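Following: one structure in structure tokens, then a few remarks.
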Amino acid sequence: MSVWSAPAYDGHELVVHHRDEASGLSAIVAIHARRDGRGCGGCRMRAYATEDEALHDVLRLSRAMSYKAALADVDAGGAKSVIIGDPRRDKTEELLLAMGRLIESFGGAYISAPDVGIGVDDLRVFRRESRWVCGADEVAGPSAPYTALGVFEGMRAAVRHRLGRDGFEDLTVAIQGVGSVGRELARLLADAGARLVVADVEEAAVREVAAAHGAETASVREILFAEADVVSPNALGAVLDDESIPRIRAPIVCGAANNQLAEDRHGVLLHERGITFCPDYVVSAGGLIAGMEELRGFDPAAARARVSRIGETTAAVLEAAAAGGIPESEAADRLARERIAGWRRAAGG
């Protein structure tokens, strides 16, 4: 598959395939759109079955990062990188150093961050070869609390918009995925008085969250169909599809998982079912906001204040969708595309 014929290609500004024979690194970097000359997005490492699968993933994820950056109003556009390999078996220091050199070769046009299969310790190896890495500084700490805070504020806006409630007291939230983000989100919601139902492929994580917050438990797949006020996907994406959407009983879907819609048309299907959808790239921008703050000197209070404004952005998207009678995903996409087009005009593109 060529880049231009790939279904997920969306006018990406730069796509680079890279192979480093000495370390075994096979990677793809995709910059969808630059703002102020740069794009930011995580580095993901997965055992992709084919190079075409990896290309599809990096193109789709980088576009989502542009949309996320646009609505978060950070000083960068969107990008992403993928390393083809099993992080449990193929990850070595030599491979990570080679990835750091690849990042450095972009001269700041690509800023890397954590993602599935690449954690903070890995980013610190990248840092030995490149300064264009965010999410590795101890002063900022992990990005998950900021991502969870953004989802929490976005969910609060959705509850106010759809249910007419100012808080979570006595509401039920079903959380699919209690990794670093889902676990922190569960804490915020429990502290706000919500009842929780949780699920994860890691049974130990489920037991820990259930014990800490008195949460009920469910299977990873069935939790999407729980009797709840909000369903919150916080694991891998593409969980909202032809099979799952007709079975969702909650009036609101709001979570941090990237690319929750299996296809763009599934936003329309949610709308037709009367389900309020908070586009993931709107509410999950907290980690991006905090990461970009690192590049100019980290101020925790300023970072949290900026992340908290995700609630205002979510409310604006929901109100625009309601006013236009269109899906929330379409309202968010329109606003993101307008801002991205503005970046390109400003750059003379």
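Assorted remarks:
- Which numbered condition G297 fails, given (1) more than 18 Å from G78 (Cβ to Cβ); (2) part of a helix (DSSP H, G or I); (3) not hydrophobic (A, V, I, L, M, F, W, C): (2)
- Here A257 meets each of (1) surrounded by 23 or more Cβ atoms within 10 Å (Cβ to Cβ); (2) part of a loop (DSSP other than H, G, I, E, B) with one exception, condition (1).
- Among the helices (runs of 4 or more DSSP H) confined to the range 136-235, the ones with at least 2 residues that are free of Cβ contacts under 8 Å to residues at least 12 places away in the same chain and farther than 26 Å from L318 by Cα are located at 203-213.
- Flag for I84 being of a type in the set (A, V, I, L, M) and more than 18 Å from L14 (Cα to Cα): yes
- Residue within the range 103-119 that is in a helix (DSSP H, G or I), of a type in the set (F, W, Y) and either touching a helix residue (DSSP H, G or I) at 6+ places or on another chain (Cβ under 7 Å) or farther than 29 Å from S232 by Cα (or both) present: no
- Qualifying residue in the range 21-40 (condition: among the acidic types (D, E) and within 21 Å of L97 (Cβ to Cβ)): yes
- Residue match in the range 102-124 (condition: among the aliphatic types (A, V, I, L, M), farther than 24 Å from G177 by Cα and under 16 Å from the mean Cα position of the chain (by Cα)): yes
Laboratory data are not the source of any read-out in this text; all were calculated from the coordinates shown. In this text the structure is predicted, and so the values were computed from the model without any measurement. Virtual Cβ from ideal backbone geometry, glycine too; neighbours counted across all protein chains shown.
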